[in-house]
Amino acid sequence: MPGLDFDPIERAGELWEKHVGPADSMRLATSLMRVHQLVLAELDAAVRPHGITFARFEVLRLLSFSSRGSLPLSKIGQRLMVHPTSVTNVIDRLAADGLVDREADAADRRRVLASLTEEGRVVLDAATESLMRIDFGLQALPVEQQRAAFTILRVLRETDFEGG
């Protein structure tokens, strides 16, 4: 650990076991949260020079994959697994920066569609290059370990946390 001669999460796990009980899930959850913070900071730093955050990058990239050129905000939330309020906030900021257009769906005026602007495509391409250069912040893991971690974490992503 940078600056430490011990792993603070392992130490916390030892203390947890001594005072509370089994620590495997606590160690893993704490590790996931710390890795999330570290990777997100690196991803945000990589795209910051392009005027966006990683959350905004994800929306731009998802829109670029759309076969129709636009997506309803509700679909964006589903596909990125984020709350509708978060999607609206990101789309508002991207639209204010001229990177996406938003318009009512002609087929259903209650739905709002988002699409990339030409400027959005330019920013997206540049940000993608920056992220690829740093291997999305995962350069410390060989590809085989990245694939194994993805497979393991898929189980958690597919769990219905609202159901308990």
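The values are calculated or read from the model by the stated rules, or taken from the named source; none is laboratory data. Since the model is a prediction, treat every value here as computed from it, not as a measurement. Note: ideal-geometry Cβ built from the backbone for every residue, glycine included; neighbour counts use all protein chains shown. For accessibility, only protein heavy atoms count, side chains too; no ligands or nucleic acids. Shrake-Rupley method; radii C 1.70, N 1.55, O 1.52, S 1.80 Å.
Quick notes on this structure:
- Number of positions in the stretch 20-41 that are part of a helix (DSSP H, G or I), farther than 30 Å from A95 by Cα and open to solvent by 70 Å² or more (accessible area, probe 1.4 Å): 6
- The stretch 64-93 - residue that is in contact (Cβ under 8 Å) with a residue 24 or more places away in the chain, of a type in the set (S, T, Y) and farther than 27 Å from I134 by Cβ and, of those, surrounded by the fewest Cβ atoms within 10 Å (Cβ to Cβ): S74
- Residue check, E17 of a type outside the set (A, V, I, L, M, F, W, C), surrounded by 13 or more Cβ atoms within 10 Å (Cβ to Cβ), out of contact with any helix residue (DSSP H, G or I) (no Cβ under 6 Å at 6 or more places or on another chain) and part of a helix (DSSP H, G or I): yes
- Every residue from the stretch 53-63 that is open to solvent by less than 40 Å² (accessible area, probe 1.4 Å) and within 11 Å of T128 (Cβ to Cβ): F57, L60
- Search result, residues across the stretch 42-65 that are over 18 Å from T88 (Cα atoms) and not aromatic (F, W, Y): E42, L43, D44, A45, A46, V47, R48, P49, H50, G51
- In the stretch 42-52, the residues that are within 15 Å of the chain's Cα centre (by Cα), touching a residue at least 12 places away in the same chain (Cβ under 8 Å) and open to solvent by less than 60 Å² (accessible area, probe 1.4 Å): L43, A46, V47, I52
- Residue within the stretch 128-136 that is closer than 29 Å to P84 by Cβ and touching a strand residue (DSSP E or B) at 6+ places or on another chain (Cβ under 9 Å) present: no
- The stretch 140-151, subset of a type in the set (A, V, I, L, M, F, W, C) and over 17 Å from the mean Cα position of the chain (by Cα), residue most open to solvent (accessible area, probe 1.4 Å): A140
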